[in-house]
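Okay, structure first, notes after.
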Amino acid sequence: MRRFAFVIGAALPLSLGFAAQAEDVVIRIEAKRGTEAAAATARNWGAEFPDVVTFPLADGWVGIALGPMPREEAAARLEQLKQQRKVPGDSFLAAAEGRELTRIGDAAPAAPPADPQAAAPGGNASTFPQAQPAAAGDEPVPGEAATPTADAGTLAEPEPAPEQFFLRLESTTDRARAEELLAKWRETLPEAGLWTLPGGRLAIGFGPMDRATGTAWLQAFRDAGAVPKDAFLAPGEEMGEIAIIGKVPDLGAPPAPDAAPVPMPPLEEIQRALRWAGHYDGGIDGKDGPKTRAAIAEEIVRLRASPDTATAMAELIRRREAWRAEMGLAELRDAHTGLMLPAPMEKLQFDRAERALSIYGPKDGSGAALILFSQPGGQQEMLDLAGLVTALGWVPAPERKVERGSVTLDGRNQTHIGHAEGRVVDGRVQGFVLIWPISDPEDQHRLAAEISDNLARFAPGATEARPEAPAIAPAIAQD
């Protein structure tokens with residue numbers, strides 16, 4: 001059995017502040033630039049939830065959230081809301097303490113939206129509307145206000161309701177089978193419903209929407225493999241009667257035919273945003289490969305901001321930037337290792353430097369820690385460092401992914417999540433260990449992706465300036 005004779009002198013405290021604390025948090029669901037835009041969006045969310053609050057972020061951004069509430073309650077509620085697709089998939093928990101929270105009920109109520117879907121930002125407040133076309137010769141309902149025309153006060157003819165369409169996903173003649181299929185489809189499209197067609201056949205559908213929206217989203221769903229190849233757009237009058245009601249989906253409209261096209265963001269930025277969202281594990285290389293194309297198509301369906309690729313990816317990048325502001329990410333330049341990276345410095349404070357390590361411990365009981373390392377070496381030295389990280393418990397019981405020139409460790413216990421990455425770059429082993437509270441896995445994943453994608457050397461490390469100082473190449477002793 002091998003053991004490490006070299007042990008870090010003052011080992012990082014094992015608790016790291018990971019003990020459960022009474023802490024109120026909010027569920028961050030959206031962010032808007034500008035107070036007016038944020039207030040209008042927050043009032044719309046208020047039609048769905050009674051506890052909507054807003055609070056200022058950096059650079060003119062305003063956060064929109066639910067709460068505050070205890071962290072344990074918020075975590076369970078967020079999971080449920082995501083499963084029900086009532087909040088965006090990238091919603092997350094954020095600390096309430098120190099924020100200037102404003103309840104939207106404290107402001108004037110929003111005017112009722114003209115669009116019945118607008119009152120349900122998550123697309124779950126309204127069920128499928130039932131079209132009630134007026135019969136010929138119908139008279140206005142007594143007591144109902146008539147709409148005057150612009151000229152002499154004469155009554156205007158009511159505008160016909162826009163034609164509604166549904167995505168027809170699948171059909172069967174067996175009711176039990178139809179309900180099984182509906183349950184399956186609701187795992188990915190929770191708003192789906194069941195219709196009895198005029199001929200008695202049962203069909204699973206998704207809608208309603210106008211023709212342009214339906215056509216664009218049908219293609220987007222097909223590109224992502226989210227609907228069968230033979231799914232099609234059906235007019236509402238062909239859907240028959242509702243057997244099991246669904247809900248109105250919240251789908252972003254396609255660009256107007258005469259609108260200037262939205263420029264496509266740089267592909268490298270798209271890849272970073274996809275990785276941040278947890279839906280891409282390929283390289284950040286700016287190349288339009290099959291992994292990138294598949295991740296983009298799937299993210300368009302998850303995000304539902306727009307069926308247009310450029311618009312959807314611009315929105316994903318915007319959400320990532322809002323999250324970075326929320327997390328208080330700043331560029332950390334660590335002189336001891338010569339490494340630079342984005343780090344949540346509001347949650348970290350410098351502890352000490354030892355040999356090839358720089359150690360940042362938790363700030364104000366955040367439960368977070370960051371260890372940076374850089375030393376001369378190759379594959380073996382990288383693996384020795386990975387063994388040291390495991391031995392010190394920074395990444396508990398890790399799963400290892402070892403490749404030529406890189407190693408990744410992931411593990412967790414009852415208190416924290418550990419993630420470590422090491423790489424051999426130009427004859428040096430460099431990397432990081434991120435330790436994060438177990439209660440916040442989503443931010444942990446996002447932070448690890450941000451650090452991994454942006455870790456770089458900006459200068460020689462301190463040990464390089466002092467050749468006599470040995471690097472952290474752990475001596476191996478035999479039992």
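Go through region 181-220 and give me each residue that's in contact (Cβ under 8 Å) with a residue 60 or more places away in the chain and farther than 18 Å from Lys247 by Cα. Once the filter is applied, which keeps residues that are in contact (Cβ under 8 Å) with a residue 60 or more places away in the chain and farther than 18 Å from Lys247 by Cα, region 181-220 yields Ala216, Gln219, Ala220. The residues on offer are Pro68, Pro88, and the sole one that is at pLDDT 90 or above and not hydroxyl-bearing (Ser, Thr, Tyr) is Pro68. Might you check whether a residue that is of a type in the set (Val, Ile, Thr), touching a residue at least 24 places away in the same chain (Cβ under 8 Å) and part of a strand (DSSP E or B) occurs anywhere in region 78-87? No; the residues of region 78-87 include none that is of a type in the set (Val, Ile, Thr), touching a residue at least 24 places away in the same chain (Cβ under 8 Å) and part of a strand (DSSP E or B).
The sole residue among Asp453, Asp384, Asp410 that is acidic (Asp, Glu), open to solvent by less than 50 Å² (accessible area, probe 1.4 Å), in contact (Cβ under 8 Å) with a residue 12 or more places away in the chain and over 17 Å from Leu341 (Cβ atoms) is Asp384. Any chance region 63-76 includes a residue that's open to solvent by 50 Å² or more (accessible area, probe 1.4 Å), in contact (Cβ under 8 Å) with a residue 40 or more places away in the chain and either aliphatic (A, V, I, L, M) or closer than 26 Å to Glu299 by Cβ (or both)? No, because not a single residue in region 63-76 is open to solvent by 50 Å² or more (accessible area, probe 1.4 Å), in contact (Cβ under 8 Å) with a residue 40 or more places away in the chain and either aliphatic (A, V, I, L, M) or closer than 26 Å to Glu299 by Cβ (or both).
Yes/no matrix, rows are residues, columns are (1) outside any loop (DSSP other than H, G, I, E, B); (2) closer than 30 Å to Ala203 by Cβ:
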{"residue": "Ala234", "(1), (2)": "yes, yes"}
{"residue": "Ala243", "(1), (2)": "yes, yes"}
{"residue": "Ala253", "(1), (2)": "no, yes"}
{"residue": "Ile270", "(1), (2)": "yes, no"}
{"residue": "Leu274", "(1), (2)": "yes, no"}
{"residue": "Gly283", "(1), (2)": "no, no"}
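Quick one: in region 319-351, which of the residues that are small (Gly, Ala, Ser) and surrounded by 19 or more Cβ atoms within 10 Å (Cβ to Cβ) is farthest from Arg457 (Cα to Cα)? Show your work before the answer.
Residues of region 319-351 that are small (Gly, Ala, Ser), as a first pass: 322, 325, 328, 330, 335, 338, 343.
Among the residues that remain, those that are also surrounded by 19 or more Cβ atoms within 10 Å (Cβ to Cβ) are: 322, 338, 343.
Values: Ala322: 26, Gly338: 6, Ala343: 15 Å.
Within region 319-351, the match that is farthest from Arg457 (Cα to Cα) is Ala322.
Residues checked against (1) free of Cβ contacts under 8 Å to residues at least 12 places away in the same chain; (2) over 18 Å from Glu450 (Cβ atoms); (3) of a type in the set (D, E, K, R):
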| residue | (1), (2), (3) |
| --- | --- |
| Arg293 | yes, yes, yes |
| Val301 | no, yes, no |
| Arg304 | no, yes, yes |
| Pro307 | no, yes, no |
| Ala312 | no, yes, no |
| His336 | no, yes, no |
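When the residues of region 276-303 are filtered to those that are farther than 14 Å from Asp223 by Cβ, within 17 Å of the chain's Cα centre (by Cα) and not aromatic (Phe, Trp, Tyr), the one that is modelled with the highest pLDDT is Ala277.
Counting residues in region 27-35 that are under 12 Å from Arg99 (Cα atoms), open to solvent by 10 Å² or more (accessible area, probe 1.4 Å) and either without any contact (Cβ under 8 Å) to a residue 60 or more places away in the chain or of a type outside the set (Ser, Thr, Tyr) (or both) gives zero.
The values are calculated or read from the model by the stated rules, or taken from the named source; none is laboratory data. Note that this is a predicted model, so its numbers are computed, not measured. FYI the Cβ positions are ideal-geometry reconstructions off the backbone, even for glycines, and counts take in every protein chain you see. Please note that ligands, DNA and RNA were not included when accessible areas were found on the heavy atoms of the full protein model with its side chains. Shrake-Rupley method; radii C 1.70, N 1.55, O 1.52, S 1.80 Å.
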